[in-house]
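The values are calculated or read from the model by the stated rules, or taken from the named source; none is laboratory data. All figures in this text were calculated on a predicted structure; none of them were measured in a lab. Glycine also receives a Cβ, built like all others from the backbone with ideal geometry; neighbour counts cover every protein chain displayed.
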Amino acid sequence: MALRHAVLAALLDEELSGYQLAKAFDMGVANFWHALPQQLYAELAKLEQEGLIAGREVVQETRPNKRLFQVTAAGLAELERFAATATKPSFIRDDLLVKIQAADHVDAGALIAQLTERVTFAEAKIGLFEALLRKMRGDRAEEEFLRHGARIGPYLTCLRGLEFERANRDWYERTMQILRERRAAHVQR
């Protein structure tokens, strides 16, 4: 997947400015595709040049003018083509896992501190995903929303992000517990 596809997917629901797109990435898309604002602005320019999105200038009285972007028919066709191509399985690439791999030979206290930070981060993300999911489904029960909601793609990706962060948190907590128990047993010897 390229950033282009993530941007096209993010623009499916409404016209967005570059700033709004960056915020949308932070809230929803970031759970499966990370991009810096500068990368997003550069990608918007490329996509517009290729005719996959269309931009229009919006004149603002008290602020600088802004450009809003929307997906074109060619952009939808590109997403259709992308959706039809086979995907490669994802893999984990995480510095912390390399450190845990070496847990028997490094300071467990430092690892526990880093795992504690990760738990805090995961808990914050869990809260954000839960709030975003509630906002998307409104007063509907989840199963009813999933059966009858107008657009479920963003909801499903947020569900994946929520489960990902919950699994991360649970693994961090279990790993901390194991490291603490092993350290305590080692001190008692």
Determine whether region 97-120 contains at least one residue that is in the same structural domain as N168 (by TED's automatic domain parsing) and closer than 29 Å to L8 by Cβ. no
For residues in region 125-135 being surrounded by fewer than 17 Cβ atoms within 10 Å (Cβ to Cβ) and not acidic (D, E), which is nearest to A10 (Cα to Cα)? K135
A73 fails exactly one of (1) within 22 Å of E165 (Cα to Cα); (2) modelled with pLDDT of 95 or more, namely (1)
Does region 144-152 include one or more residues that are in contact (Cβ under 8 Å) with a residue 40 or more places away in the chain, of a type in the set (G, A, S) and not assigned by TED's automatic domain parsing to the domain that holds S17? no
Of those in region 141-158 that are closer than 21 Å to G127 by Cβ and in contact with a helix residue (DSSP H, G or I) (Cβ under 7 Å, 6 or more places away or on another chain), the residue modelled with the highest pLDDT is F145
Can you name the number of the only condition in (1) among the aliphatic types (A, V, I, L, M); (2) surrounded by 16 or more Cβ atoms within 10 Å (Cβ to Cβ); (3) not in a loop (DSSP other than H, G, I, E, B) that A35 fails? (3)
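Conditions tested, residue by residue: (1) more than 18 Å from E117 (Cα to Cα); (2) surrounded by 13 or more Cβ atoms within 10 Å (Cβ to Cβ); (3) under 17 Å from the mean Cα position of the chain (by Cα).
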| residue | (1), (2), (3) |
| --- | --- |
| D139 | yes, no, no |
| E144 | yes, no, no |
| L159 | yes, yes, yes |
| Y172 | no, yes, no |
| E181 | yes, no, no |
Only one residue in R151, R169 is outside any helix (DSSP H, G or I) and out of contact with any strand residue (DSSP E or B) (no Cβ under 8 Å at 6 or more places or on another chain). Which one? R151
Are any of the residues in region 104-124 at pLDDT below 95, surrounded by fewer than 10 Cβ atoms within 10 Å (Cβ to Cβ) and on the phi < 0 side of the Ramachandran plot? yes
Within region 82-117, tally of residues that are basic (K, R) and within 25 Å of Q177 (Cα to Cα): 2
Over region 38-76, the set of residues hydrophobic (A, V, I, L, M, F, W, C), part of a helix (DSSP H, G or I) and more than 24 Å from the chain's Cα centre (by Cα) is A73, A74
